[in-house]
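The values are calculated or read from the model by the stated rules, or taken from the named source; none is laboratory data. Bear in mind the structure is a predicted one, so any value in this text is a computation, not a measurement. Don't worry about glycine lacking a Cβ; one is built from the backbone with ideal geometry, like all the others, and counts go over all protein chains shown. To get the accessible areas, we keep the full protein, side chains included, count just its heavy atoms, and leave off ligands, DNA and RNA. Shrake-Rupley method; radii C 1.70, N 1.55, O 1.52, S 1.80 Å.
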Amino acid sequence: MSSTDASAGAEPPLRIVAGPTGAGKSALAMALAERRGAVIVSADSRQVYRGFDIGTSKPTAAERARVRHEGLDVAGPSERWSAARWAADAARWIAEAGARGQPALVVGGTGLWIRALVRPLADEPPMDAARRRAMQDALGTLGTAELRRWVEVLDPPRAAFGRAQLLRAAEVALLAGRRLSEAHEASAGRPARPARWVIVDPGEDLQRRIEARLDAMLAGGWPDEVRRLVGTVPADAPAWNACGYREIRDWVEGRCTAAAAREAILVSTRQYAKRQRTWFRNQLGGEPHVLRLDPRAGDAVARADRWLFEGDDA
């Protein structure tokens, strides 16, 4: 029996494929899923939103026909989807796949969501609903860079996260008078679910891959997708926080040029990838079951397969 098989009464380990945006996670996961008849559980905080497809690199209809995906298109653009909510859904999708005799692969770059699945999050302090809405409205007017500066003061350990997490950290600090990072640290003793990780990262080539993917998105109809969304999705909907969508909206609505939008998206995407790399490096520093993999290697799929499904050291 391989080390990834569950012993009697033990919870089977999670199989996770993660890494920075544009690294090649999806292609690797598709190859693994087709090899093993697995279900892919998306751990992407923007792919949950219906209609936001091209800019989130959502799997195509053809890919979904080849491999079953969970966690896509489960929310309307104006809904808020928390890490805890996703983790509960993901656990259910994984269990349902197991009941069908299928393994599951958790695939994505939203580290906080994956962490919530592996290790339950802390119980966050209660807050008055009306005050929360007022605070969210006020904080929502801040640009991401300015919001990050606020969180650097209010809750420094949370300042490296994305916009949704920055908003949550500021909200908790201001309304509850407690740092969210401290609440999470207090939960460190909670038992974690066993997991094996593949961290996909092409190294220096990531910058080129991000730029090539952006140009493919622009050529593939991203501006037209945004034009359609502008007519039906409120400007303050959380789905617009997906990387690049606000910049494309500014372009199609005449507030900037196509070249300016492209450059702004390229910069913000590279910054996001840098934060993701930092998060995975810091969070997985002491984790023993991590394989770091360059997807360009000829044996990348075979190594990931042995690591995740056979428990070999690849």
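Details
- Think of a 1.4 Å ball rolled over the protein heavy atoms: the chain then has 46 Å² of accessible area per residue.
- Of all accessible heavy-atom area on the chain, the percent that carbon and sulfur account for (1.4 Å): 51 percent
- Amide H contacts under 5 Å for Val17: Val106, Val107, Gly108, Val198, restricted to partners 5 or more places along the chain or on a different chain, H placed in the peptide plane at 1.01 Å from N.
- 222 nm mean residue ellipticity, helices alone, for the chain (DSSP H n ≥ 4; -39,500 (n - 2.57); rounded to 500): -14500 deg cm²/dmol
- Descending semi-axes in whole angstrom, ellipsoid equivalent of the stretch 150-275, from the Cα gyration tensor: 32, 21, 14
- Principal axis extents of the Cα atoms in the chain, from largest to smallest and rounded to whole angstrom, are 58, 46, 35.
- The residue among Gly109, Ile94, Gly51 whose Cα reaches farthest toward the positive pole of the charge dipole of the stretch 44-148, with charges on the beta-carbon of Lys, Arg, Asp and Glu, is Ile94.
- Among 11-20, 82-91, 230-239, the order from most to least packed when residues are scored by Cβ within 10 Å on average: 11-20, 82-91, 230-239
- Placing +1 on the Cβ of every Lys and Arg and -1 on the Cβ of every Asp and Glu, with no other charges, gives the stretch 142-244 a dipole of roughly 360 debye about its Cα centre.
- Calculated FRET efficiency for the pair Ala258/Ala84, C-beta based, R₀ 41 Å, to 0.05: 0.60
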